[in-house]
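A quick write-up on the structure given underneath.
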Amino acid sequence: MTKHLIPLLAAIAVAACGSTSSAATTTPSAATTPPPAPASPAHSHDHDTAGSVVAEPESLAKEPEKPAEPGPAAADPKADLLASETAAWTTARPILEKACATCHTSAGKKATKKKLGHFSFDSYPPSGHHTSTIGFTVRHAMVTNVKGKFLDFSGSLHLDGSDPSASSASIDVKMESIDTGSADRDGHLKSADFFKTDEFPTMTFRSTKAESLGGDDYRITGDLEILGTTRPVTIDLEFNGAAKDPFGNERVGFEGKAEILRSEWGLTWNAALETGGVLVSDKIKLNFDISAIRNA
């Protein structure tokens, strides 16, 4: 019995083991199955197999940087000054435009001429603005012009619109105030070679005759004294009009010109040039730009 039972049990055991091994071959264990590979991060420029663009995850998108908030602006003295001057001009401009709109027309000038009177002008008027100029031009070294002016002068006008021949003018110029833009040249002009300002500190003009040339043109003749010598000179003038300035002053304007020979007043210094000619011309061109205020 035992002899036959042992082979039977062995056969059953072998059959059972073969069945278990077969099941293990056809159905792998979950423990031995490898985990799926992790998905690679998607980028905005990657494409899938179908050619579609893979969107960038919102978590990876960068927010644009915000500009820094501007701080308070620092005070600018120049800007404050400009604003102040602009405000002053804004106030004065309508007054000037209203006055000039009348005085610079033919009718306005004619009306103004009839009510002229006593006026004065100088290099430093009460307003502090240099509104008048007395200058000159002289040929230098035969090839160029030197321009200069006087920085200290005063004058008066009596203007008669109904009878121009009754008008008159006077001017006093401080010779120490000569200015040509060169300190060395100015010093030479003040010396004994030229104006001798220590001995003759003032140049004067006194009118002797006034006449109308028609329209806005006038001619005034008078005595010009330089270095103690007095000789006649004629000045051609153009009337520029009249107006009330922002300070309440009634003004009249003239511009004029004249030519003189300096040698006639004893101004004879010169130097010869190697190429011929002289350093300083004898002819001097005078120019006037006058803005005069009616006297109270």
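Quick look at the values:
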| read-out | value |
| --- | --- |
| Flag if residue 244 is surrounded by fewer than 18 Cβ atoms within 10 Å (Cβ to Cβ) and modelled with pLDDT of 95 or more | no |
| Which listed residue, of 230, 202, is touching a residue at least 12 places away in the same chain (Cβ under 8 Å) and either of a type in the set (Ser, Thr, Tyr) or touching a helix residue (DSSP H, G or I) at 6+ places or on another chain (Cβ under 7 Å) (or both) | 202 |
| Top-ranked residue in segment 247-262 [being assigned to a loop (DSSP other than H, G, I, E, B) and not polar (S, T, N, Q); ranked as modelled with the lowest pLDDT] | 247 |
| Any hit, segment 258-271, residues being surrounded by 15 or more Cβ atoms within 10 Å (Cβ to Cβ) and within 23 Å of residue 165 (Cα to Cα) | yes |
| Residue that is nearest to residue 249 (Cα to Cα) [pool: residues in segment 129-156 that are at pLDDT below 95 and aliphatic (A, V, I, L, M)] | 151 |
| Single residue of segment 263-284 satisfying the filter (in contact (Cβ under 8 Å) with a residue 60 or more places away in the chain and outside any loop (DSSP other than H, G, I, E, B)) that is farthest from residue 195 (Cα to Cα) | 278 |
| Residue match in segment 154-163 (condition: in contact with a Pro (Cβ under 8 Å, 6 or more places away or on another chain), of a type in the set (Gly, Ala, Ser) and surrounded by 15 or more Cβ atoms within 10 Å (Cβ to Cβ)) | no |
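The values are calculated or read from the model by the stated rules, or taken from the named source; none is laboratory data. Given the structure is predicted, the values throughout are model-derived calculations rather than measurements. All Cβ positions, glycine included, derive from the backbone under ideal geometry; neighbour counts span all protein chains shown.
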